[in-house]
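See structure below.
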Amino acid sequence: MGRAMRHAVGLGAAALALALVLAAPAARAALLTGSVDHDFMGANETFNYVLSLSGGDGREPPDLSPLTKDFEIVDRTRRSRSDDVGGRPVDVNEWIMTLAPKRTGVLTVPGLTVKGQTSAPLKVQVLPALPVEPPAEAGGLFVRVDAGDAAPYAQSLVPVSIRIFDSIGMRSGRFGDLKADGASFTPEGKQRVYFRTIGGKRYGVIEQSFLMQPQKSGRIEIEPLTVNVTLPARTSPAASSMSNLLGRGNVPQLQSEDASFQARPVTIEVKPRPEGAQGWFLPARAVSLTQDWSAPPERARVGATLTRTLRLKARGASPNQLPPLPVAEVDGVRQYQDDSQTGRVTIEGESGAELVETVSVVPTRPGAFTLPAIEVGWWNLATGRQERATLPPVTLQVTPEG
């Protein structure tokens with residue numbers, strides 16, 4: 001009996017050890033993800049796409065050919081590091097590609113494959129390139145402020161970009177706050193750096209995006225933006241000759257000088273509410289209205305709570321432009337609004353807004369009860385027409401308790 005028990009225990013321990021060995025790779029399964037440093041850009045600009053492999057074998061590089069359909073691969077680098085995950089070191093290999101879009105529109109960065117793992121595709125929006133002419137007095141360094149929509153409606157979101165064009169090699173720089181009477185500005189994303197060729201000269205570009213929200217209709221002017229920079233000091237021929245005589249001709253000169261310059265003001269004409277708009281004014285490029293239920297409404301029971309989640313998304317709108325969603329009273333059903341949240345989201349590569357409302361639905365007696373349709377009117381910025389997003393009526397088939 002003792003030997004049998006010891007044998008059983010031995011088998012159990014061996015099985016447990018085998019299970020742990022088999023489970024260990026799963027706990028450290030490779031994960032391949034892709035990310036972009038910016039998903040909203042103009043043509044003739046570049047962005048960085050990072051493919052990151054965590055916990056896998058990164059010796060074999062990914063096949064980048066799927067990228068070449070819509071993008072030119074301007075540059076590529078690779079880096080490796082070790083991250084601590086759950087107290088264990090995990091190797092992370094990253095491939096960084098600088099990509100230039102080949103066309104405008106909403107483009108898809110395809111998923112790439114490494115060792116059987118495939119990353120999820122990503123979308124970026126590419127706008128037609130704005131013409132850029134360096135000012136005559138630029139001297140290799142200038143700044144531009146551009147607005148993506150020169151004729152928005154009040155409360156709409158207007159993309160605004162600050163771009164510093166540098167062919168000198170400034171050592172540091174900072175710009176002041178964007179200011180305009182009758183509008184507010186919110187930073188959008190992180191600063192990004194890329195290269196652009198203008199008139200045969202290559203410029204490094206530092207860009208920061210903002211979202212401007214006009215508070216009124218009429219003319220709004222973005223005030224001239226001041227940029228302060230530190231530049232390499234200009235060395236006179238006499239100073240260079242003296243350095244050579246002293247034997248310091250090859251020593252880097254670390255002198256610098258401070259300078260400041262301004263962008264030109266930008267004027268935006270904010271349009272008033274159009275005559276054809278009805279009800280709550282929601283200007284947007286696309287609107288969707290969807291719902292989810294915690295359980296099928298056709299199998300409801302008396303006294304059992306169903307959770308209804310309503311989602312309203314508007315591409316090109318701001319959160320405070322979204323209307324509240326009505327909850328109509330229905331005899332035989334009690335409805336309570338549990339939560340309502342609004343926020344900014346990215347929709348098809350463009351900034352937008354989302355409203356999420358959670359409603360508790362409690363039938364009070366058996367029978368069939370219909371919750372009426374929900375409609376949201378909105379103004380289509382592309383067509384200049386009033387449209388409606390609609391959720392159809394929902395019928396609850398309620399059975400008695402038990």
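Yes/no per residue for (1) at pLDDT 85 or above; (2) basic (Lys, Arg); (3) in a strand (DSSP E or B); (4) under 30 Å from SER351 (Cβ atoms):
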residue: VAL50; (1), (2), (3), (4): yes, no, yes, yes
residue: GLY56; (1), (2), (3), (4): no, no, no, no
residue: ARG59; (1), (2), (3), (4): no, yes, no, no
residue: THR68; (1), (2), (3), (4): yes, no, no, yes
residue: ARG103; (1), (2), (3), (4): yes, yes, no, yes
### Query
Quick check: is even one residue across the stretch 161-172 in contact with a strand residue (DSSP E or B) (Cβ under 6 Å, 6 or more places away or on another chain) and either assigned by TED's automatic domain parsing to the domain that holds LEU322 or among the basic types (Lys, Arg) (or both)?
yes
### Summary
Among the residues of the stretch 290-303, the number that are surrounded by 15 or more Cβ atoms within 10 Å (Cβ to Cβ) and small (Gly, Ala, Ser) is 1
### Message
Restricting to the stretch 92-110, count the residues that are surrounded by fewer than 16 Cβ atoms within 10 Å (Cβ to Cβ) and on the phi < 0 side of the Ramachandran plot.
### Response
6
### Task
Taking the residues in the stretch 306-347 that are part of a loop (DSSP other than H, G, I, E, B) and exposed (fewer than 14 other Cβ atoms within 10 Å of the Cβ) as candidates, determine which candidate is modelled with the highest pLDDT.
ASP331
### Query
Pick from GLY247, GLY276: which is modelled with pLDDT under 90 and under 33 Å from the mean Cα position of the chain (by Cα)?
GLY276
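Checking the condition under 23 Å from the mean Cα position of the chain (by Cα) and closer than 30 Å to LYS271 by Cβ, which residue from GLY377, GLY316 passes?
So the residue among GLY377, GLY316 that is under 23 Å from the mean Cα position of the chain (by Cα) and closer than 30 Å to LYS271 by Cβ is GLY316.
Does VAL287 satisfy the criteria of being more than 30 Å from ARG174 (Cβ to Cβ), among the aliphatic types (A, V, I, L, M), touching a Ser or Thr at 6+ places or on another chain (Cβ under 8 Å) and modelled with pLDDT of 85 or more?
Taking the combined requirement at face value, the residue does not satisfy it.
Results for (1) polar (S, T, N, Q); (2) buried (at least 18 other Cβ atoms within 10 Å of the Cβ); (3) in contact with a Phe, Trp or Tyr (Cβ under 6 Å, 6 or more places away or on another chain); (4) more than 29 Å from SER209 (Cβ to Cβ), shown as yes or no for each residue.
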{"position": "GLY56", "(1), (2), (3), (4)": "no, yes, no, yes"}
{"position": "PRO61", "(1), (2), (3), (4)": "no, no, no, yes"}
{"position": "SER65", "(1), (2), (3), (4)": "yes, no, no, yes"}
{"position": "GLY87", "(1), (2), (3), (4)": "no, no, no, yes"}
### Task
Please work out if THR390 is assigned by TED's automatic domain parsing to the domain that holds ARG308, out of contact with any helix residue (DSSP H, G or I) (no Cβ under 6 Å at 6 or more places or on another chain), surrounded by fewer than 17 Cβ atoms within 10 Å (Cβ to Cβ) and modelled with pLDDT of 90 or more.
yes
### Query
Any residue in the stretch 189-202 that is under 23 Å from the mean Cα position of the chain (by Cα) and at pLDDT 85 or above?
no
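The values are calculated or read from the model by the stated rules, or taken from the named source; none is laboratory data. Since the structure is predicted, the reported quantities are computational estimates derived from the model, not experimental observations. Every residue, glycine as well, gets a Cβ built from its backbone with ideal geometry; the counts of neighbours run over all protein chains shown.
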